[in-house]
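The values are calculated or read from the model by the stated rules, or taken from the named source; none is laboratory data. None of these values were measured; they are calculated from a predicted model. Because the Cβ atoms are built from the backbone with ideal geometry, glycine has one as well, and the counts that use them run over all protein chains shown. In case anyone asks, the SASA skips ligands and DNA or RNA and just uses the protein heavy atoms, side chains included. Shrake-Rupley method; radii C 1.70, N 1.55, O 1.52, S 1.80 Å.
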Amino acid sequence: EAKPTRELTAWLVGVALTAYLCWVLSTAVGGAVGTVIQDAAPAVTKALHFALPALFLALSLDNLHRGNAWPLAAGAIGALGAIVVSNIAVALFAAIAASVAVCSWQYRESRP
């Protein structure tokens with residue numbers, strides 16, 4: 001088994017730090033600009049309420065394959081059920097819990 005070199009490790013740490021810093025900075029800029037846009041253009045805010053869940057759905061469906069279809073379906077059902085009776089925070093927790101439960105069950109079934 002090949003051991004990573006110091007140069008490779010340093011490069012990977014640099015890539016990870018750069019990605020993390022870009023994420024943090026873009027989140028801060030998005031938060032600042034988002035409040036300005038929300039006040040100046042309420043129609044954009046309404047469009048984002050549709051666009052962000054649609055983006056998440058498109059990314060989820062793009063990664064859909066036989067191995068993760070059941071956890072994804074369980075998460076969707078858990079979220080939909082929870083959003084009907086409660087709020088978005090409960091729906092997120094229900095989706096995560098349902099997906100993890102199905103993944104655990106699949107893992108347990110696949111072990112010899």
So Ala97 passes all but one of these: (1) under 30 Å from Glu109 (Cα atoms); (2) open to solvent by 60 Å² or more (accessible area, probe 1.4 Å). Which condition number does it fail? (2)
In this structure, does Thr9 turn out to be out of contact with any Cys (no Cβ under 9 Å at 6 or more places or on another chain), at pLDDT below 80 and assigned to a helix (DSSP H, G or I)? no
Of the residues that make up the stretch 68-89, is at least one part of a helix (DSSP H, G or I), aromatic (Phe, Trp, Tyr) and farther than 30 Å from Gly30 by Cβ? yes
In the stretch 90-112, what residues are under 17 Å from Arg66 (Cα atoms) and in a loop (DSSP other than H, G, I, E, B)? none
Quick one: is Gly14 open to solvent by less than 80 Å² (accessible area, probe 1.4 Å) and within 30 Å of Ile88 (Cα to Cα)? no
